[in-house]
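Worksheet: one structure, shown below.
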Amino acid sequence: MIRVSVLYPKSEGTTFDMDYYKTKHRQLCHDVMPGLQKMDVEQGIDGPYIAVGHLYFSDPGALQAGMGGPRIGEAQADVVNYTNSVPVIQISMSID
């Protein structure tokens, strides 16, 4: 399993519209990323991030299909609709 974690740093004045992310952005990601199996979000309580989104793909090929698809720009452009934070991306592989 491949997990893409999208970490949204918080600082003075950082905003994050969780309702928009959970409804509109998550659906957009499923629409534009073939191979995306699941997507969830965590709301930061304490620490350096206001929120963290996780996208799950079955294998590196599915990740490439999802993140390299022709419509990925739609998801990237949508970020400004729910946050003013500049996300940090971490790609990980489960090694249970």
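The values are calculated or read from the model by the stated rules, or taken from the named source; none is laboratory data. Predicted, not measured: the structure shown is a model, and the values here were computed from it. Virtual Cβ from ideal backbone geometry, glycine too; neighbours counted across all protein chains shown. Heads up: the accessible areas ignore ligands, DNA and RNA and are worked out on the full protein's heavy atoms, side chains in. Shrake-Rupley method; radii C 1.70, N 1.55, O 1.52, S 1.80 Å.
Key figures for this structure:
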read-out	value
For the range 67-96 versus the range 37-59, the gap between their alpha-carbon centres in whole angstrom	11
Of all accessible heavy-atom area on the chain, the percent that carbon and sulfur account for (1.4 Å)	54
Rounded to the nearest 20 debye, dipole of the chain from Cβ charges on Lys, Arg, Asp, Glu	160
Accessible surface, per residue, of the chain when the full set of protein chains is kept, probe 1.4 Å, Å²	60
Most mobile of Ala51, Ala77, Ala65 in a GNM of the chain (Cα contacts under 10 Å)	Ala77
Coil-residue trypsin sites (Lys or Arg not before Pro) of the range 17-90, DSSP, other Cβ within 10 Å capped at 12	Arg71
For the chain, with +1 on Lys and Arg beta carbons and -1 on Asp and Glu, the positive-most of Thr15, Pro34, Ile91 along the dipole	Pro34
